[in-house]
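Everything below concerns the one structure shown next.
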Amino acid sequence: MQKLYTKCLETANIEKAIRVVFSHEGAKTAGADGISKSSKISQERIIKEVKLRLRRYKPVQSRKMQIPKDNGEFRELTIINLFDRIAQQAVYQIISPIVEGQMSKHSYGFRKGIGAKVPVSRLADILLHKKETYTIELDFKKCFDNIPLEKAIGCVKEMGIKNFQLLRTIKHLMWTSKEYSGVGLSQGTVLGPLLANCYLTKLDNFIEQTFEINKRDTAYTQNHKLHKDDWIEWNLKRGKKICCRYYRYADDTFITCNNEAEQKYIADVISSFIDTNLEIEINQIKSHYRHNQIHFLGFKIIKNKRSIWILFDNLKEYTSRLRQFKLNTYSQCHAFMKWFRGILNYFDIVNDMGEFLDRVSLRLYRRNKKGVITKVDNVYEYGEGKEKTIIDIYALRKTTRTSYKEYIIGSKWLDTRELLKYRDSDKAIHGAFQYLWSLWTKQKGKDAITKENLEPFDAQIHHIIPISKGGSNYLDNLVLVSSKTHYLIHHGKDLDRRFEKYRKHLK
């Protein structure tokens, strides 16, 4: 752990950070210094500037931008300089694998391999198999703007990052302006979401320790029927925990319970903990207590007899946004396609996607004033040559029919992460088990050589370049393989060629 700061400064780590930052669309946006991805700057100069920031020789500069929200409010986005973004990414690559192993499995936001559709699918499955469901929706008032930086860094320290120089560097990189008072995590930074998750892990741990999150057994349901009137008092007298389901996506918290009494009790306990231990407030306007209704992360889940319907929470907002695109130039069409693809990727499990696609098709059909968009055999297209973009509504209807049950099966990765978290078989590398989850999500739970599914307790870490030949313990030099494959790599010759192909793929 004492070498973490030196790992951040290594050239290989910074080069990887440059590739990651340049792969994002945000690299085209310049910061306060006016430098962006399109600026002609040599890689040697970028590495030199990043090292100066990691050594705290240059202060962080930024500019602010107001982004409108759906409810009419504005969210302040901080755009830091390109060199500062790369420096934060270099730190993120080192501390993320270690911190991820300490986070709760009930946290879904801003995490690799976990998306919003996983908790929504689990909630749909709960609503399908239960007669009655009481829910608690908690939203925090300007959560990112009220989190103290010192306490967030303290939470990172509790999770295993105890290098003083590295913690000081994180504080320096998050101090985005001279007017900054030390309260709030700037939205738009690389380290901001990670620090917010570390800070809110205290809430996750409290709920897991106070309430029973596991599946209810038969004895629990039988006792609930016998002592239904005084159920909470009956449990508290006997020292038993109240059962609930818990999901948190960034600052949006969702809890399901059995009845109205449990709903009020759990909400009061969590609210008192937030008031006393977290320096954030609950937004009473956006927080709701519902019965047999689920509204979470823009999705609306409805139970219809024996089936479940997952719908847009507010389809009118997206259709009104659809009308705002003028689509008179190629740049306007490109902006529309970027927004449209984001909607498809996020809401591909909703049942009313066909209605949304019909409105998109109607919008594209009605506007053809300047001939920017042409229609050929029910296929809309714009642009020329390599920049030509095709919108096939009929094909989109087929591809967006994704069942939410697929995400329930895919969420077994969360249980796999807990198994990998407690593994200690790879003692050859100090703290290597911290990297297992990152490697597992990177390879999608498959063997790096044979591409077969891995079992958590059979997965082993292999160095692409051995330590004896100058290899490192970075994620770029590590892969997960099965025990059999690992044996054949070191004792057989057939797999060497296949591994060489995989090494080229990594680069």
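If you keep only loop residues by DSSP, which chymotrypsin sites (Phe, Trp or Tyr not before Pro) in the stretch 1-71 have at most 12 other Cβ atoms within 10 Å of their Cβ?
In loop regions of the stretch 1-71 (DSSP not H, G, I, E or B), the sparsely surrounded chymotrypsin sites (Phe, Trp or Tyr not before Pro) are 57.
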Considering only protein heavy atoms and a 1.4 Å probe, what is the carbon-and-sulfur percentage of the accessible area of the stretch 240-319?
-> 48
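So, for the stretch 233-340, what is the accessible surface per residue at a probe of 1.4 Å, expressed in square angstrom?
53
Just list whichever of 37/105; 162/451; 64/202; 64/446; 112/141; 48/117 have alpha carbons separated by over 32 Å in the model shown.
Going by Cα-Cα distance, 37/105; 162/451; 64/446; 48/117 fall outside the 32 Å limit.
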What distance in nm separates the simple spin-label points at residue 22 and residue 306, each placed 7 Å from Cα in the Cβ direction?
-> 5.7
Return the subset of 3/40; 142/178; 7/178; 3/469 for which the Cα-Cα distance in this structure is over 26 Å, preserving the input order.
-> 3/40; 7/178
Does the stretch 228-316 come out rounded, prolate or oblate by the C-alpha gyration tensor, with a ≥ b ≥ c the root eigenvalues, rounded set by a/c under 1.5 and, if not, prolate when a/b is larger than b/c and oblate if not?
-> oblate
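What is the magnitude of the charge dipole of the stretch 261-353 about its Cα centre, with +1 placed on the Cβ of each Lys and Arg, -1 on the Cβ of each Asp and Glu, and no other charges, expressed in debye to the nearest 20?
I would put it at about 680 debye.
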Does the stretch 68-174 come out rounded, prolate or oblate by the C-alpha gyration tensor, with a ≥ b ≥ c the root eigenvalues, rounded set by a/c under 1.5 and, if not, prolate when a/b is larger than b/c and oblate if not?
-> prolate
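The values are calculated or read from the model by the stated rules, or taken from the named source; none is laboratory data. If you're wondering where the values come from, they're calculated on a predicted model, not measured in any experiment. Note that each Cβ is placed from the backbone with ideal geometry, even for glycine, and that neighbours are counted across all protein chains shown. Quick note on the areas: whole protein, heavy atoms, side chains included, nothing else; ligands and nucleic acids left out. Shrake-Rupley method; radii C 1.70, N 1.55, O 1.52, S 1.80 Å.
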